[in-house]
1. What relative contact order, as a whole-number percentage, does region 206-331 give when Cα pairs under 8 Å and 6 or more residues apart are counted?
2. Based on the Cβ-Cβ distance of residue 273 and residue 199, what FRET efficiency does E = 1/(1 + (r/R0)^6) give at R0 = 22 Å, to the nearest 0.05?
3. For residue 125, which lysines qualify as cross-link partners when the Cα separation must be under 29 Å and same-chain residues fewer than eight apart are set aside?
4. Take every Cα-Cα distance within region 14-135, group them into 10 Å bins from 0 onward, and report for each bin the whole-number percent of pairs it holds.
5. State the Kirkwood hydrodynamic radius of the chain in Å, one decimal place, computed from all pairs of distinct Cα atoms.
6. Looking at region 122-237, I'd like the Rg to Rh ratio, where Rg is from alpha-carbon atoms and Rh is Kirkwood's inverse mean 1/r.
7. Using Stokes-Einstein with the Kirkwood hydrodynamic radius over Cα pairs, what translational diffusion coefficient do you get for region 217-261 at 37 °C and a viscosity of 0.692 mPa s, in µm²/s rounded to a whole number?
8. Among 49, 271, 310, whose Cα projects farthest towards the positive end of the dipole of the chain, with charges put on the beta-carbon of Lys, Arg (+1) and Asp, Glu (-1)?
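Nothing in this text is a laboratory measurement; each read-out follows from the coordinates by a stated rule. On a predicted model such as this, the values are computed, not experimentally measured, just so you know. As a convention, Cβ positions derive from the backbone with ideal geometry for all residues, glycine included, and neighbour counts pool all protein chains shown.
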Amino acid sequence: MSGLADPSAPALPTPDAATARHYLTVSSLTPDEFARLLSLARRMKREPSAWRDAVPGGKLAMLFDKPSTRTRVSFEAAAVNLGMHPMMLRPDELQIGRGEPPQDTARVLSRMVDAIAWRTFSQAKMESFASFATIPVINALTDEHHPCQALADLMTVEESIGSLAGRRLAYVGDGNNVAHSLLEAAALAGMHIVLATPAGYEPDTGLVAGARERARETGGSVEIVHVPNEAVAGADAVYTDVWTSMGEESEREARVRAFQGYVVTPKLMELAAPDAIFLHCLPAHRGEEVEEAVIEGRWSRVWDEAENRLWTEEAVLYALITGDWRGDRAG
Ligand code: CP
Ligand code: NVA
């Protein structure tokens, strides 16, 4: 073979990309890294001014192929807090919307900005995109994962009930992207998580097997059941999410039928531990997956949870861009 590149050969991942640190799934973190991100987020929340301009002049590209309130605003606000310039890029305004390959977009943006947050459909597409980027790529939600949400979730549990290891977490509803990241996070933190889903809506079996493996190392556990009462009995925190995620709208009627009996009601919450909290990633559908009396009741920590998206996004941006996971350079 001559040294000339074959013009018909597919593009290969960028060599430098091997060194870029991304956040695409919770399971890409070690338990220590997960704990460090939560610690950074707590410090940022306690003393926000100490982190002002911790990434001076940095630039964050934000690509959102699905709607977002919390993720979009928290990334934008976190970037501003750190002294960065966020750029919200709508796919219909980018060449990607006219067919430019994502791997070309990844390589071009890598030459211009310091990190990319992307919300899209396919996790495989996200991973392929990241393999071409030489800067951190952060998963702002795919059909399969929502790793940024899980950080805010466990930060909120820790704030409300103390250290995470050995605590019991119940998830009632769809084995979706939020459930996947939550169970991976619970396993990393040494928690006992029980998910109650209707038959046919369980979380991915390979992902559950990986989380169980991790839980064996951390002293946690992962259990899947089909009866909400079993999951919630004695739980320290009860979590739910929508029955129909973005992109699944055509399945809505079938899902509403399948999920009857998986509503988080005050009666269900009474089965949990006496000081149990209620969490929801939001947006919530009152009267579907959760009753008004729960989301507006004494158990609910959903507004703290939403706020914690800001501090955990700030921690992720800071750690990935600077490589300083201990927060030694600031704070
Ligand atoms: N929880 C969450 O990710 O909300 P948004 O869809 O509003 O970003
Ligand atoms: N499971 C939901 C989460 C929204 C933040 C969805 O993907 O639509």
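1. Over region 206-331, the number comes to 22 percent.
2. Efficiency for this residue pair is about 0.20.
3. Correct list for residue 125: 59, 66.
4. Per 10 Å bin, starting at 0, the Cα pair percentages come out as 12, 39, 39, 10, 0.
5. Hydrodynamic radius (Kirkwood, Cα pairs) of the chain is 20.4 Å.
6. My calculation puts Rg/Rh at 0.99.
7. So the translational diffusion coefficient is about 251 µm²/s.
8. 49
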